[in-house]
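Below is one structure, written out as structure tokens; the observations come after it.
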Amino acid sequence: GQQLNQSPQSMFIQEGEDVSMNCTSSSIFNTWLWYKQDPGEGPVLLIALYKAGELTSNGRLTAQFGITRKDSFLNISASIPSDVGIYFCAGLSTYKYIFGTGTRLKVLA
Amino acid sequence: DSGVTQTPKHLITATGQRVTLRCSPRSGDLSVYWYQQSLDQGLQFLIQYYNGEERAKGNILERFSAQQFPDLHSELNLSSLELGDSALYFCASSVGPAPGTSGSSYNEQFFGPGTRLTVL
């Protein structure tokens with residue numbers, strides 16, 4: 001099935017560092033979403049983006065809707081151990097969501 | 001706790017068998033979505049129901065079927081199971097029938113904890 005490309009696939013960072021990840025698609029989306037999935041849990045919505053160029057923050061998280069509508073970026077500032085998990089982007093296509101392949105984040109204390 | 005419940009939490013079965021996964025949406029939500037997450041993969045959208053009617057279809061195999069009952073709970077039936085069907089199956093629910101369009105409020109999906117299916 002169709003999936004969005006996320007990078008990096010995984011990353012180890014030191015506590016306190018900033019993190020950047022992105023998501024790209026060959027298709028245009030009208031809505032971009034970022035989720036976090038903790039082990040053994042379902043994904044939880046972090047940020048939703050509705051307009052090209054939009055920049056939205058949620059605490060230490062900031063996400064941007066790419067101007068081409070084919071990409072999106074998520075930044076986490078001053079990472080902490082509980083940021084560990086898998087981060088998924090999702091793009092809205094007609095009546096269904098297309099999910100990214102995930103970025104696995106591991107934070108070293 | 002998202003308010004979405006899924007049972008069972010784990011399921012182990014053999015190839016060729018049939019299983020049923022159950023999902024109860026959040027109170028007040030009319031839409032139910034089913035997703036499959038294979039090992040180290042993202043979520044693949046399978047199917048959506050809204051108020052008892054099929055609303056959208058994704059990459060759902062013919063061996064799989066789903067329905068939403070009058071009390072709004074949903075069941076995903078997987079038959080003639082193959083090794084490759086081993087995965088996490090998530091259910092999500094939302095209030096409205098469809099995601100919002102550009103500039104409008106997002107009809108947020110709330111995910112359940114998932115059912116881990118292992119086919120041996």
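The values are calculated or read from the model by the stated rules, or taken from the named source; none is laboratory data. Just so you know, these numbers come straight off a predicted model, no measurement behind them. FYI the Cβ positions are ideal-geometry reconstructions off the backbone, even for glycines, and counts take in every protein chain you see. Note: areas computed on protein heavy atoms with side chains; ligands, DNA, RNA excluded. Shrake-Rupley method; radii C 1.70, N 1.55, O 1.52, S 1.80 Å.
Kindly establish whether B:SER79 is in contact (Cβ under 8 Å) with a residue 24 or more places away in the chain, over 26 Å from B:VAL95 (Cα atoms), within 11 Å of another protein chain (Cβ to nearest Cβ) and open to solvent by less than 70 Å² (accessible area, probe 1.4 Å). Don't jump to the end; show me each part of the working.
Values: in contact (Cβ under 8 Å) with a residue 24 or more places away in the chain: yes; over 26 Å from B:VAL95 (Cα atoms): yes; within 11 Å of another protein chain (Cβ to nearest Cβ): no; open to solvent by less than 70 Å² (accessible area, probe 1.4 Å): yes.
No; evaluated as a whole, the condition is false for this residue.
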Completion exercise
Scanning region A:60-83 residue by residue, the ones that are of a type outside the set (S, T, N, Q) and surrounded by 15 or more Cβ atoms within 10 Å (Cβ to Cβ) total 11
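Name the single residue, out of those in region A:1-27 being among the hydrophobic types (A, V, I, L, M, F, W, C) and open to solvent by 20 Å² or more (accessible area, probe 1.4 Å), that is farthest from the other protein chains (Cβ to nearest Cβ). Before the answer, list the steps.
We begin by selecting, within region A:1-27, every residue among the hydrophobic types (A, V, I, L, M, F, W, C); these are A:4, A:11-13, A:19, A:21, A:23.
Subsequent filtering for residues that are open to solvent by 20 Å² or more (accessible area, probe 1.4 Å) retains A:11-12.
Details: A:MET11: 15, A:PHE12: 17 Å.
Selected residue: A:PHE12.
In region A:1-101, which strands (runs of 3 or more DSSP E) lie fully inside it and hold 1 or more residues that are in contact with an Asp or Glu (Cβ under 7 Å, 6 or more places away or on another chain) and hydrophobic (A, V, I, L, M, F, W, C)?
Numbers: elements: A:5-7, A:10-14, A:19-24, A:32-37, A:44-49, A:55-58, A:61-65, A:71-76, A:85-93, A:96-99.
In region A:1-101, A:19-24, A:44-49, A:61-65, A:71-76 are the strands (runs of 3 or more DSSP E) which contain 1 or more residues that are in contact with an Asp or Glu (Cβ under 7 Å, 6 or more places away or on another chain) and hydrophobic (A, V, I, L, M, F, W, C).
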Problem - The lone exception for B:LEU81 - which of (1) in a strand (DSSP E or B); (2) farther than 24 Å from A:SER93 by Cβ it fails - result: (1)
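Here is a check on your reading of the model: is B:ALA66 outside any loop (DSSP other than H, G, I, E, B), under 10 Å from the mean Cα position of the chain (by Cα) and small (Gly, Ala, Ser)? I'd like the intermediate steps shown before the answer.
Working: outside any loop (DSSP other than H, G, I, E, B): yes; under 10 Å from the mean Cα position of the chain (by Cα): yes; small (Gly, Ala, Ser): yes.
Spelling it out, B:ALA66 is indeed outside any loop (DSSP other than H, G, I, E, B), under 10 Å from the mean Cα position of the chain (by Cα) and small (Gly, Ala, Ser).
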Practice task
Restrict the check to region A:28-37 and report whether at least one residue is surrounded by 12 or more Cβ atoms within 10 Å (Cβ to Cβ), touching a residue at least 24 places away in the same chain (Cβ under 8 Å), out of contact with any helix residue (DSSP H, G or I) (no Cβ under 9 Å at 6 or more places or on another chain) and more than 14 Å from every other protein chain (Cβ to nearest Cβ).
Solution key: no
Practice task
List every residue pair whose Cβ atoms lie under 6 Å apart, where the two residues are 6 or more positions apart in sequence or sit on different chains, the first residue falls within region A:48-63 and is at negative phi, and the second residue, located anywhere, is assigned to a strand (DSSP E or B) and open to solvent by 50 Å² or more (accessible area, probe 1.4 Å).
Solution key: A:LEU55/A:GLN64; A:THR62/A:ASN75
